[in-house]
Every structure is written in structure tokens, then in C-alpha cells.
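Dropping a structure here in C-alpha cells format, bear with me for questions.
FYI, it's all coordinate maths here, none of it is from the lab. In this text, all values refer to a predicted model and were calculated from it rather than measured experimentally. Positions of Cβ are backbone-derived with ideal geometry, glycine not excepted, and every protein chain shown enters the neighbour counts.
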Amino acid sequence: MGNCCVAGASSDMATFKWSIDNFSSLLDKGEGWTNSRVFKIMGHAWHLKLNPMDRNSCDEECVSLRLQLSKTSVEPNTIVDASFRLIIYDQLYGKDSEHHVSHTFQTASTSSGKSCMIKLAALKNSSGFLVNNNCVFGVKFIKVVTTKAKTTSEKLFVKNASTLPEAKAAYTWCIADFFGMENPGYSPEFTAGGYKWSIRLDKEENHISLYLKKMINDLPEDSAVLVEFTLSIKNQEGGKHLKKKGLTQFSNNDPTWGWEKVVSMEDIQDSSNGYLIKTKCCIEAEVTTVGSSKMK
């Protein structure tokens, strides 16, 4: 039913043409994808996929074409960036219909998105695209670049719970003048889990944010420390504290972790919450080192 040819495979641009005779018989089979034979161009194996009775975004019947990177050319950790034109040829007047496509082919994405080349009704009524029940499709490659994907891996070690201290190291930062403090404000340094830390408090117009910061860049290169921590705004009247809990990795490149918009300024100043006694506010940090990691 179809004839194939490859042209200019050794030049900067290479073209594959797919001529389909007795095209009406393909239409009789209804909606569905038909594959061309596999062809090799620019160091890779490909095939075209044709759906003669697809639907476009307006739910109109159309002839769709897409390019597929064949299984033999799919390699782990390899990326194939291709720029090409999908074509339906005007066999009488040379006014071909072309769709320019750029696609990154890889293991998870071996097929380009479909291109609706022409409405089916327009194809049937055309004088150049369908000649003597023959239709010719093709792909013209403009550029193909193959690269190895950069893969970085991490090995994380988590300590057994039985080896962790029963009591978490805790530090309480009492701010005597909450409204008069610098913004952002930093607590004095304290030691917990074998490292030095500071609590950071940011006062925004309508809320506050809280962060834990590792103070010294003393970790080996490409290493991190896994930390379980809690930041609490203390209820100074013995009620429920406002707590935020986290489990994350601190490194020399990312020494600060925490939360934005922990509590509104309205709630901070609400006396029923006990967070602010006159101008005094107390924030507690509980910090436990529970593991470490190394990048490879």
C-alpha cells in the first residue's frame, strides 16, 4: 500500500518520503495509527505514524502525522534533540503543507506530539494532495543533536532510632521586645546534634516566617546532614504551643530551611493565644541529627 524512500541522508538536511497508494482503503479502516517502515537518518532509527481520521482541537476530522524514535535508538540516559518538518506534499503545484516541530526524544518521550496536517474534508477535495488516490507524506530533518543526560545520585544514610538520644536538644530564644527587634532577627548561636544553629524570624506586614539556619559551612563537599527539627512559638501562659515540624537535609549550599507565613500578626497579638506577653515572645528549636548523605 505504501512506498518509502530516503533522500539526502548524508547532507545537512535529510528527508524521508512515504507514498501511500489506494489511500481511500486506509480511510475505510477508520481512526487509528499506521506506521511507516523504520528508516535511518542522522544516526538514529525512526518511523512516521499516520492517523487519517484523527480529531483536531475543534473536533473536526483531520489527517495527523507524528515522528517516532524507534526502540533500537532509545538508550538510557541519552537525549536526542531534533528539529524537523512534517510534510504532506502537493503533488501538482508544489504548495506543500509543512509543520515545523522541535522535540526532545528520550526514554520517557519517544514520540513527538501529533500535528494535524490537513482537514480530512479539505484533503478529499484537494487537487494536489490526493492524486489518483495517492497521498505522499514525509519528514525533513533540520538538526539532530544527541547528548548524554547528566545524572546525579545521592546516597542517604538514616540512623537507627535506637541510636538517637532520648531527649532532643532544645534551645529557647526569648525576644524581650518583639516589635523593636531587627528584621530579620537572628537568635544567638546554639549547639545541637553536633552543629551550630540559629533561629531566624522574618516579620512581614501581615505574618511572620520562621527558619532554622546552620551557621558554619563545615560539611565535606557534596555532603549534607539530615535533621529532624521543630520550631515552636511558645504559649507563655501554659497553653498549646504553635509548632512546625520538619525533616530535611542541610548542606553548605542550602543551610537554611523553614516556613513562610507561620502565623498572622493578628494571631501573634491575640492575648488569648499567649504568644506575646507585653512585648516578649519565646521561640523554641528542637534539633536532632538523624542521618547524612553524599552526592555521587
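Set Lys and Arg Cβ to +1 and Asp and Glu Cβ to -1, take the dipole of region 2-148 about its Cα centre, and tell me which of Ser25, Cys62, Ala45 lies farthest positive.
Ala45
Non-local amide H neighbours of Thr78 (under 5 Å, H modeled in plane, Pro and chain starts lacking H): which ones?
Thr107, Ala149
Along the charge dipole of region 154-295, which of Tyr211, Asn160, Ser251 sits closest to the positive end, that is, farthest toward it, with unit charges on the beta carbon of Lys, Arg, Asp and Glu (+1, +1, -1, -1)?
Value computed over the given set: Asn160.
Determine the dipole magnitude for the chain: charges of +1 sit on the beta-carbon of Lys and Arg, -1 on that of Asp and Glu, nothing else is charged, the reference point is the Cα centre, and the result goes in debye to the nearest 20.
On the way: 35 positive and 33 negative charges, 194 e Å.
In debye, rounded to 20, the chain gives about 940.
Starting at the first residue of region 232-247, write each ³J(HN,Hα) from the Karplus equation 6.51 cos²θ - 1.76 cosθ + 1.60 with θ = phi - 60°, in whole Hz, x for Gly and Pro.
10, 8, 6, 7, 6, 9, x, x, 6, 7, 8, 10, 10, 10, x, 9
To the nearest 20 Debye, how big is the dipole of region 10-99 about its Cα centre, given +1 on the beta carbon of each Lys and Arg and -1 on that of each Asp and Glu? Display every interim value, and only then the final one.
Details: 10 positive and 13 negative charges, 80 e Å.
In total the dipole reaches around 380 debye.
Need the full-extension length gain, Asn77 to Val145, defined as separation in residues times 0.36 nm minus the C-alpha distance. One decimal, nm. Please list the in-between numbers first.
Values: separation 68, 0.36 × 68 = 24.48 nm, distance 1.41 nm.
That pair, Asn77 and Val145, stretches by 23.1 nm at full extension.
At 222 nm, what value in deg cm²/dmol follows for the chain if DSSP H runs of at least 4 each add -39500 (n - 2.57) and the sum is divided by all its residues, to the nearest 500?
Values: 3 runs with 16 residues, N = 296.
Computed mean residue ellipticity for the chain: -1000 deg cm²/dmol.
Might you report the magnitude of the Cβ-based charge dipole of region 89-199 about its Cα centre, with Lys and Arg at +1 and Asp and Glu at -1, to the nearest 20 debye?
On the way: 12 positive and 8 negative charges, 141 e Å.
In debye, rounded to 20, region 89-199 gives about 680.
Let me ask another. Run through region 209-296 and list the GluC sites (Glu not before Pro) located in a DSSP loop whose Cβ has at most 14 other Cβ atoms within 10 Å. Please list the in-between numbers first.
Details: sites: Glu221, Glu228, Glu237, Glu260, Glu266, Glu284, Glu286; in loops: Glu221, Glu237.
Here the sparse-neighbourhood loop sites are Glu221, Glu237.
Also: Output wanted: per-residue J couplings in Hz (rounded whole) for region 188-195, from phi through Karplus 6.51 cos²θ - 1.76 cosθ + 1.60, θ = phi - 60°, x for Gly and Pro.
x, 5, 9, 9, 7, x, x, 9
Sticking with this structure for a sec: For a test of understanding, tell me how many lysine pairs in region 225-296 have Cα atoms under 15 Å apart, given they are 8 or more places apart or on different chains.
Values: Lys234/Lys243; Lys234/Lys244; Lys234/Lys245; Lys234/Lys278; Lys234/Lys280; Lys243/Lys261; Lys244/Lys261; Lys245/Lys261.
Close lysine pairs found across region 225-296: 8.
Which trypsin sites (Lys or Arg not before Pro) in region 211-277 pass both tests, a DSSP loop state and at most 10 other beta-carbon atoms within 10 Å? Walk me through the numbers before you get to the answer.
Numbers: sites: Lys213, Lys214, Lys234, Lys240, Lys243, Lys244, Lys245, Lys261; in loops: Lys234, Lys240.
Within region 211-277, the qualifying trypsin sites (Lys or Arg not before Pro) (loop, at most 10 other Cβ atoms within 10 Å) are Lys240.
How long, wide and thick is region 2-148, going by the Cα atoms along their three principal axes, in whole angstroms, largest first?
46, 31, 22
Moving on. With the cut-off at 1.5 for a/c, could you classify region 154-295 from its C-alpha gyration tensor as rounded, prolate or oblate? List each step's numbers first, then the result.
Details: a/c = 2.37, a/b = 1.81, b/c = 1.31.
Because a/c hits 1.5 or more and a/b exceeds b/c, region 154-295 counts as prolate.
Can you tell me the order of 182-190, 138-146 when each peptide is scored by its average per-residue count of other Cβ atoms within 10 angstrom, highest first?
138-146, 182-190
Of the listed values (1) -0.67, -0.77, -1.28; (2) -0.46, -0.76, -1.26; (3) -0.43, -0.78, -1.47, identify the label whose number matches log10 I(q)/I(0) by the Debye sum over Cα atoms at q = 0.09, 0.12, 0.17 Å⁻¹ calculated from this model.
Label of the calculated value: (1).
Give me, ordered by chain and number, the residues 5 or more places off Gly291 or on other chains with an amide H under 5 Å from its own placed amide H.
Result for Gly291 returns Lys159, Leu226.
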